[in-house]
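Trainee: This is the structure I want to talk about, given as C-alpha cells.
Quick note: the coordinates plus some simple rules give every number you see, no bench work behind them. Quick caveat: nothing in here was measured; it's all calculated off a predicted structure. Neighbour counts are summed over all protein chains in view; Cβ atoms, including those assigned to glycine, are modelled from backbone coordinates with ideal geometry.
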C-alpha cells in the first residue's frame, strides 16, 4: 500500500526511490499503534545544506532530523493522530505538510501504509509576496475510496495557483510594469 506525492513548487513529478522506507521499516520495531511510514526525498538537495525536519504532534515537537544534500528522511506515525512536518534550510522557504492519521476501526495498518514525497526547495527572494508559501503545501489523510493515504488534490491545486500568481506579480513588479491584481 503506497501513495506518492511529489512537491515541487507544489507541482507533481515522478518518484523513483524507496531506499529510506525499506531501511527504516526493517531497522525499527513496529508498534501496534504505528500506521504510516512518511518518507521524504529532496529533488535539489545537492544545492541545499543544513536541512532540518521537525515532526510535531499538535504543537509538541516529537522528533526531528538533520540532513545534508542527498539524504532522505522518514518518520513512523501513530494511528489516529494529527501531525505537522516542518522542513527548513537557511536561504530557502520552509515547507509545511499536515498529516491526519485517523483510520476507521475496521482498517488495519499491518503492513504499514507508506506515503512517499519528493520536495524541491525554493530559494528565498526579496520582494516576493510569500504569504501563500507559509501555508501547508499538502494535507495528507486516509482516503476511504482508494483505501490508502493520499493528499488533497483540490487543496494542493489551489495553493499551486496562489504561488503562481505571486510569482507573476513579482515578475511584473520587478520589470517595472503595472502590478496585476492578486
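Trainee: Report the extension gain between residue 43 and residue 157 in nm, rounded to one decimal, defined as 0.36 nm multiplied by the number of residues separating them, less their alpha carbon distance.
Mentor: Contour length minus Cα-Cα distance gives 39.0 nm.
Trainee: Stretched out fully, how many nm does the piece from residue 143 to residue 84 gain, at 0.36 nm a residue minus the Cα gap?
Mentor: Extra length from residue 143 to residue 84 when fully extended: 19.4 nm.
Trainee: If you take the beta carbon distance between residue 33 and residue 123 as r and set R0 to 35 Å, what does 1/(1 + (r/R0)^6) give as a FRET efficiency, to the nearest 0.05?
Mentor: It comes to 0.35.
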